[in-house]
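Colleague: Got a structure for you, written out below as structure tokens; questions coming shortly.
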Amino acid sequence: MNKPEWIAETLTPGVRVAYQADRVLAQTRTEYQRLELLDNGPFGRMLVLDGAIQTTTRDEFIYHEMLAHAPLLAHGKAEDVLIVGGGDCGLAEEVLRHKSVRSLVQIEIDSQVVALAREHLSEINAAAFADPRFDLRIADGAQALKEMDRSFDVVLVDSTDPVGAAVPLFTREFYANVRQRLRPGGVVVVQAGVPFLQGREFKSAMGELTAVFQIVDAYLIASPSYFGGHLALGWASDQLAPDAVSLEDLRARYDAAGLSTRYYTPEMHKAAFVLPPFIRELMPAATTPQA
Ligand code: AG3
């Protein structure tokens with residue numbers, strides 16, 4: 001194998017962010033995307049799909065904790081959870097830390113991502129693969145959701161960015177199918193990109209969610225390997241507003257769940273919904289609080 005010393009993230013036109021590869025574990029083209037796995041000093045083991053960093057063993061906890069624990073603790077009684085995407089399976093591991101979850105279905109399109117992640121990223125997913133509640137299916141999520149008749153309390157869309165295979169996961173049709181699968185009181189959270197660099201995509205995703213759901217909001221995380229500032233997570237539900245749960249209730253649920261986390265806390269959860277104006281103004285008008 002030809003060993004490049006640097007592997008670049010090329011997600012945003014006009015920007016290249018390069019990472020030294022101390023070791024390249026995989027460099028291949030799967031049926032759906034270009035895949036690179038490398039070891040880097042500060043970030044540890046990194047998974048890159050189509051030139052966009054997906055996860056790193058050093059900072060994955062930030063994204064996975066906030067994507068899993070914010071909706072699960074806000075819901076309070078989630079038993080059945082669905083993940084769409086999430087092929088590295090680090091999110092599944094985080095969801096399964098909740099003993100109250102009795103089943104986790106995950107639909108990932110790319111079997112090669114799963115196989116390579118299972119082999120090389122066991123640090124972040126071994127517990128998921130060892131868990132009998134984990135039901136991983138290889139299928140096109142957008143298609144599978146149309147045909148599914150099960151319902152869920154929480155749906156998490158852990159997708160790549162809205163280019164290539166993930167484009168159908170950012171459409172109104174897909175969100176409407178997600179809504180069909182949600183039980184009353186259910187909530188969906190979606191990966192919504194880095195608003196500073198992907199403002200158009202973020203705005204479009206929030207607009208499409210608003211066309212389908214009664215309640216739409218967004219919350220922010222700062223994850224160093226997602227270049228460009230905050231990464232946004234979109235929140236949508238017909239009943240569950242992010243501010244409906246008090247800090248005290250979140251604290252009680254967090255303590256009861258016995259979680260040990262390094263980014264998520266009930267206070268971080270609350271604070272994450274505070275949006276700076278440059279991001280707030282990308283949200284559909286109906287969701288903008290009155291000044
Ligand atoms: N999925 C979302 C990564 C998105 C990164 N986007 C970006 N940097 N603009 C990651 C999969 C983790 N399970």
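Colleague: Please state which of the following conditions ASP131 fails to meet, knowing it meets all the rest: (1) more than 21 Å from ILE109 (Cβ to Cβ); (2) crowded, with 21+ Cβ neighbours inside 10 Å; (3) acidic (Asp, Glu).
Modeller: (2)
Colleague: Here is a follow-up. Can you find, within the range 9-21, the residue that is nearest to the ligand (Cβ to nearest atom) among those that are more than 22 Å from the chain's Cα centre (by Cα) and on the phi < 0 side of the Ramachandran plot?
Modeller: Ranking the candidates gives VAL15 first.
Colleague: Any idea which of (1) within 26 Å of GLU201 (Cα to Cα); (2) away from the ligand (no atom under 16 Å from the Cβ); (3) in contact with a Phe, Trp or Tyr (Cβ under 8 Å, 6 or more places away or on another chain) is the one ARG262 doesn't satisfy?
Modeller: For ARG262, the exception is condition (1).
Colleague: Yes or no: the range 14-23 includes at least one residue that is farther than 20 Å from PRO224 by Cα and modelled with pLDDT of 95 or more.
Modeller: Among the residues of the range 14-23, at least one is farther than 20 Å from PRO224 by Cα and modelled with pLDDT of 95 or more, which makes the answer yes.
Colleague: Looking at (1) surrounded by fewer than 18 Cβ atoms within 10 Å (Cβ to Cβ); (2) within 16 Å of the ligand (Cβ to nearest atom); (3) on the phi < 0 side of the Ramachandran plot; (4) outside the structural domain of LEU259 (by TED's automatic domain parsing), which is the only condition VAL24 fails?
Modeller: For VAL24, the failing item is (2).
Colleague: Something else about it: Which of the residues belonging to the range 33-86 are over 19 Å from GLU5 (Cβ atoms), among the basic types (Lys, Arg) and either touching an Asp or Glu at 6+ places or on another chain (Cβ under 9 Å) or crowded, with 22+ Cβ neighbours inside 10 Å (or both)?
Modeller: LYS77, the sole residue that qualifies.
Colleague: Among the residues of the range 98-107, are any away from the ligand (no atom under 15 Å from the Cβ) and either crowded, with 24+ Cβ neighbours inside 10 Å or not assigned by TED's automatic domain parsing to the domain that holds SER260 (or both)?
Modeller: No - not one qualifying residue is present in the range 98-107.
The values are calculated or read from the model by the stated rules, or taken from the named source; none is laboratory data. What you see is a predicted model, and the numbers here were worked out from it, not measured in a lab. Cβ sites come from the backbone with ideal geometry, for glycine too, and all protein chains shown count toward neighbours.
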